[in-house]
Each structure stands twice: as structure tokens, then as C-alpha cells.
């Protein structure tokens, strides 16, 4: 995993010095407000955030839903800015940062450990599917990406982290790895500028609703956990085998095997603040108590969300603010 550690270390320094974004930190909220980092509007995190905002409005909570490039940006923004209390992230992205923090011995690694140690679970949510989309009929399984041009997500997205991990674990060496967000990646695939794109998103992904207008139609590529490999346990610690059912997308005739990764709602320990803690705990309990409403009125992924209260209270790194509310 040496390449991944180097990638994560360089990226963390860029994020912590703020050179990736040219925006000013958000203003401090009142105790009645919460900020939630989500994702791009074409993905799942943003509509999930909008669902939570609708629910919060019904319970007199002012939730600011903030679009972003994805998991990795969310982690660092929640850590850095007091005005942003909540974020959505893939579990493997959080784990990748934790692994990097564990092996470094310089000032950057120490700061990264501060980020990791501050992260606290608010709620586990749903699992996201790894979508690998290609046009050529020669690309049928993940190993076929070897030697191909692959769009692997924005560098601060969860998709980029997942793609990096999977390339390492599958020992895949693409001819080119393009850092493109999902919208740009799909355009590049349509125009033949890449052979395939990777996008980790909860199915059904709105971005994939319509087929290509001309030329060879897209298809989903099979992604399965390799058997009889020393890395099998590592795979299973992050990913689960799943299928994307036939007809999930209008152009998809057959079910396709893939992997899923968990999505969590998290916060960062920013020190003692009773109002902030009370708001986070109340928000978590509101979501838990209103899952039926979210399943009936929100994104289809809410139908797969189940939260076991006893298991939640035993979860590692659970926010004390949440634990107090559920006891």
C-alpha cells in the first residue's frame, strides 16, 4: 500500500494548508444551526443532504447543506471549520487516512493523526455501489482496466480514494489515470477520451439515467473480490459483494456484480461546547426516529438504511453527543 500512503500524505498537506480552495471559512453558526458537507449535485450525498434538510425544517433545525467534491474534502472541512459540524464520507476514505496517519513520523503525519483522532461517528447510513462504466465490449471485468485510460474521480473525492485502493489491491496499472469528477468523466467517456470511468455512488445514480445518444452504448463492468489472495481479508474489511440489479438503469439489461462501501455521517471533536453537542445529538436522534419518513419521502437509498440502537451504542468512535441522546 506504499503508493496509497504517499498519495494520502501529499494530499493531506495540500488540504490542511488550504491551497485547494480559494474560499473563506464559513461564518460561525448559532446554536440552532448545523452545517453538513455533502457532495456534488449529480451524486447521492447532496440529495441525501437535501432530504435531511427537509426533515430538519420540520423539527425547527436550520441545516445548511453544503455541496463538495466528496468524502476527502468533507473530512478536512469538518475538521477545520467550527461552522461545519457534520459530513458524509465513505468508510474506506476514513480508513485510508487513518492508515496513513499511523505510519508517518513527521509534522504532517502528526497533523493527520489529529484529524483522525477528532473524527467521531454520528450515524451509519447506507452502502454505496462501485460503478465502473465502459463502452468497449472488451472491458468486461475490473482486471480489463489494465492498460486502459480510466477516469477515477476528483482527487478530493471518495471515488478517487476507492479507485486508488482497488487499483493497488487488484494490481491494475491503467495506461492513464485521469482526475475527473463524475460529470466530466462521463463526458470524456462519451467522447472516447477515456476507456472507462469509476464512480462510487448510491444506486440508482441520477447521472446514469440516460444512455449515450450515439455510438456504442455503455455497460457496467463486473467488480468482484479476488479469492485465494493474501489481501482477501483487507478487501472484506472495507467492501462487501453486491449486485446492481438489471433495469437499475434504462440501458442495463443484466444484473452486474460489484462491491459496496459503507457511508457514514460523522462529526469532529472540536472541544467542549454544550450547545453544539446538544444539536448534534438531537439531529442524530431526529434521523433515527424518522427513518420511515425518509424512506417514504427521500432518495431511494433511504430504504436500505437500518440503524440498530444497541449496535450503535457499541460502535467504535461514536460521538459522546450522540451516545447521550440514545441512552
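Sorting the Cα pairs of the stretch 128-261 by distance into bins of 5 Å, from 0 upward, gives 2, 11, 22, 26, 22, 12, 4, 1, 0 percent per bin.
Across the stretch 244-288, the residues whose backbone nitrogen lies under 17 Å from the label position 7 Å along the beta-carbon direction of residue 217 are 245-256.
Compared with the dominant principal axis of the Cα atoms in the chain, helix 107-118 is inclined by about 70°. The modelled label-to-label distance between residue 304 and residue 273, using points 7 Å beyond Cα along the C-beta direction, is 3.3 nm. Calculated mean residue ellipticity at 222 nm for the chain: -11500 deg cm²/dmol, from DSSP H runs with n ≥ 4 weighted as -39500 (n - 2.57), summed, divided by the residue count and rounded to 500. With a Förster radius of 25 Å applied to the C-beta separation of residue 327 and residue 54, the computed FRET efficiency comes to 0.35.
The distance between label points at residue 285 and residue 314 comes to 2.3 nm (points 7 Å beyond Cα on the Cα→Cβ vector).
Treating only the Cα positions of the chain as identical point scatterers, give the base-10 log of I(q)/I(0) from the Debye formula at each q in 0.08, 0.13, 0.14 Å⁻¹. Evaluating at q = 0.08, 0.13, 0.14 Å⁻¹ gives log10 I(q)/I(0) of -0.36, -0.98, -1.13. Averaging the sequence gap over all C-alpha pairs within less than 8 Å and six or more residues apart, then dividing by the number of residues, gives the stretch 128-261 a relative contact order of 33 percent. Model label sites at residue 175 and residue 62, defined 7 Å from Cα along the beta-carbon direction, differ in position by 5.4 nm. Between the helical axis of 2-16 and the longest alpha-carbon principal axis of the chain there is an angle of about 50 degrees.
Stretching the chain fully between residue 210 and residue 168 yields a gain of 12.0 nm (0.36 nm per residue, less the alpha carbon separation).
Bear in mind these aren't lab numbers, they're just calculated from the coordinates by the rules spelled out. Just so it is clear, the structure is predicted and the values come from calculations on it, not from any experiment. Backbone-built Cβ (ideal geometry, glycine too); neighbour counts: all protein chains shown.
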